[in-house]
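In what follows, a structure is listed as structure tokens, so that the remarks can point back to it.
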Amino acid sequence: MKTCSYWAGLELATPALDIHDCLGGNHARLLQDPDIFIRSLAGAIPGNRSSIRFIALGDWGGLPYAPFITPIEKATANEMGRVAQTMGADFVLALGDNFYYSGVRDVDDARFKETFEQVFTADSLKHVPWYVVAGNHDHSGNVSAQIAYSQVSKRWHFPYYYYELRFRIPHTNATLSILMLDTVLLCGNSDDFTDERPRGPLSLGAAEEQLTWLKERMRSSRADFLLVAGHYPVWSVAEHGPTHCLLEKVRPLLQKYHATAYLCGHDHNLQYIEESGIGYVLSGAGNFMEESMKHQDEVPPESLKFFYAEYTSLGGFAHIEITEKEMTVTFIQARGKSLYRTTLPRRTPF
């Protein structure tokens, strides 16, 4: 009988396991002991700082041919190093499309070195953990190899297709939960080159199991800040537009359970949309920039607060700080300019 192995307190899908070997029932419970994350993060935060700070970066996955990076990825990596040094970064959320255009072949694929390890080299990032989800381009390759790479790299943490992170804000009683989703398993793959929308999940059973897991985690969460993160956007004004599958399946849960924010990539720009008190943070400018706003009429009126897609900026990302009372989101371009800042309050009981 196949079983899922354990690593760093998280259930890990190994390359030999099919997704169904680890889905459902108790196998969907990915955190054996959430205090593992609380202790490890608290130990990494300097001094008496009473906040958690992290970078949200999507669509950063370089190129499948030499030099295996783009000028935007390189500039963004350099600026992330500067921001980690000056503003602080306890971890990075990697929001999918980690390796263009067809993911990786296996755990020994050179792309891990060429597009990740040899690019994000600043001293301030060397010991910062990356928490990873897959995007549509990753699903064109071997996602289980990306999961298995967690056993190779000390900073690459991808325990399963979807999982939960829990933290305590240092020196406070406030808590943070981040639910990391595989939106491709949930909604299906898509072809960027034809502007194709997600075409439905490959496995309806696996999609339903992930959605059931998400509902249960959100229903039971008492975290003071509850974030959901995935690759596809719920709302977007750009090239791909809103993801109708997520509008139908995830948006009602965000509203019902008073989520703080949803973080994503997929569209190659920076966006902030706010609806019903929920912040929609789109950070997909890690490798390319795309200025289209062709879906701007498909988001709620006056919900778009910020949009940025200036190619000469050489990309960008979101820096997030969470204190006992609020969450601050700052969009930063790769040339070092802070573009937009907003705050979201501590979650209210539902």
Throw me the Rg/Rh for the chain, computed over C-alpha atoms with Kirkwood Rh, two decimals.
-> 0.92
Starting from the Cα of Thr312, step 7 Å along the direction of its Cβ; do the same at Ser50; then give the gap between the two resulting points in nm.
-> 4.4
Applied in sequence order to the stretch 251-261, the curve 6.51 cos²θ - 1.76 cosθ + 1.60 (Karplus, θ = phi - 60°) yields integer Hz couplings, x standing for Gly and Pro, of 3, x, 6, 4, 6, 4, 9, 6, 4, 6, 7
Sorted by packing (mean other beta-carbon atoms within 10 Å per residue), highest first, where do 244-251, 58-65, 326-333 land?
-> 58-65, 326-333, 244-251
Take every Cα-Cα distance within the stretch 141-190, group them into 10 Å bins from 0 onward, and report for each bin the whole-number percent of pairs it holds.
-> 22, 39, 28, 10, 1
Over the stretch 235-308, give the accessible area per residue in Å² for a 1.4 Å probe, as an integer.
-> 35
Using per-residue counts of other Cβ atoms within 10 Å, averaged over each peptide, order 296-307, 232-243 from highest down.
-> 232-243, 296-307
Taking a probe of 1.4 Å, how large is the accessible area per residue of the stretch 83-208, in Å²?
-> 36
Whole-percent carbon and sulfur contribution to the accessible surface of the chain (1.4 Å, no ligands, DNA or RNA) stands at 50
³J(HN,Hα) across the stretch 325-339 via Karplus (A = 6.51, B = -1.76, C = 1.60, θ = phi - 60°), whole Hz, x for Gly/Pro?
-> 10, 7, 10, 10, 10, 10, 8, 10, 8, 5, 7, x, 8, 7, 9
Summing -39500 (n - 2.57) over the DSSP H runs of n ≥ 4 in the chain and dividing by its residue number, what mean residue ellipticity at 222 nm do you reach, to the nearest 500 deg cm²/dmol?
-> -5500 deg cm²/dmol
Using the Karplus equation 6.51 cos²θ - 1.76 cosθ + 1.60 (θ = phi - 60°), what ³J(HN,Hα) coupling, rounded to whole Hz, does each residue of the stretch 63-80 give in order, writing x for Gly and Pro?
-> 9, x, 9, 4, x, 6, 9, 10, x, 5, 4, 5, 5, 5, 4, 5, 5, 4
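The values are calculated or read from the model by the stated rules, or taken from the named source; none is laboratory data. Every value quoted in this text rests on a predicted model; they were computed, and no experiment measured them. Virtual Cβ from ideal backbone geometry, glycine too; neighbours counted across all protein chains shown. What goes into the accessible areas is simple: the full protein's heavy atoms, side chains included, and nothing from ligands, DNA or RNA. Shrake-Rupley method; radii C 1.70, N 1.55, O 1.52, S 1.80 Å.
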